[in-house]
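The values are calculated or read from the model by the stated rules, or taken from the named source; none is laboratory data. Predicted model only: the values in this text are computed from it and were never measured. Here the Cβ positions follow ideal geometry from the backbone for every residue, glycine too, while neighbour counts run over all protein chains shown. Quick note on the areas: whole protein, heavy atoms, side chains included, nothing else; ligands and nucleic acids left out. Shrake-Rupley method; radii C 1.70, N 1.55, O 1.52, S 1.80 Å.
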Amino acid sequence: MSAERFFRMRAGGIIRRENRILLIECFEDGYGLHYNLPGGGTQRGEPVRAAVRREVREETGLKVEVGRLLLAYEALHPDIHHSFGLLFECHVPPGAEPSLPAVPDSFQIGVVWVPLADLKTIRLLPDIGPQLYAVLLDEPEADHFAQHTEQP
């Protein structure tokens, strides 16, 4: 409990192709196999949409056009950090294919297309998969704000 707690603003991209979504496949000690949306922390003074373009390119190699805001989320990790994220719909040029960067983060093991329905069952961090699925299907009861608290 001696870790310094901090706040982080995050920006991410939601890239769909047919009935699939692009995710970063990860493996980390303590978390095991899980998936993340392409994205990351904003830099000081960086506009959020610029951060989405930068982060998606860094993690997938794709140049994207950033569209509408689809989901905002808050993630609380007790004694570690508190983050707030904005997830935007992103569009890629026809024929563009994603790939891991030459030197990915140590926990990143792949860039994969996952069926949208799998969002309800896979381990997506933060744990917003079912809510994201409802938003992507434009379900009337879908809440465009998600909250996740990680258990210590």
## Note on the structure
Rounded to a whole %, the carbon-and-sulfur portion of the accessible area of the range 1-53 at a 1.4 Å probe is 46
### Query
Each residue of the range 106-112 in turn: what ³J(HN,Hα) in whole Hz from Karplus with 6.51, -1.76, 1.60 and θ = phi - 60°, glycine and Pro shown as x?
4, 8, 7, 10, x, 10, 10
### Task
Using a Gaussian network model of the chain whose springs link C-alpha atoms within less than 10 Å, name the residue from His81, His34, His91 with the highest mean-square fluctuation.
His81
### Query
Of the beta bridges DSSP finds with both residues in the chain, what % are antiparallel, to the nearest 5?
65
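Using a 1.4 Å probe, what is the accessible area per residue for the range 12-129, in Å²? Provide the component values of the computation, followed by the final result.
On the way: 5800 Å² over 118 residues.
With all protein chains present, the range 12-129 gives 49 Å² per residue.
Using mean Cβ contacts within 10 Å as the protection proxy, how do 102-114, 38-50, 121-133 order, highest first? Write out the running numbers ahead of the final one.
Numbers: 102-114: 13.5, 38-50: 15.2, 121-133: 17.9.
Final packing ranking: 121-133, 38-50, 102-114.
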### Alpha-carbon Rg with Dmax, taken over the chain, Å
14.9, 49
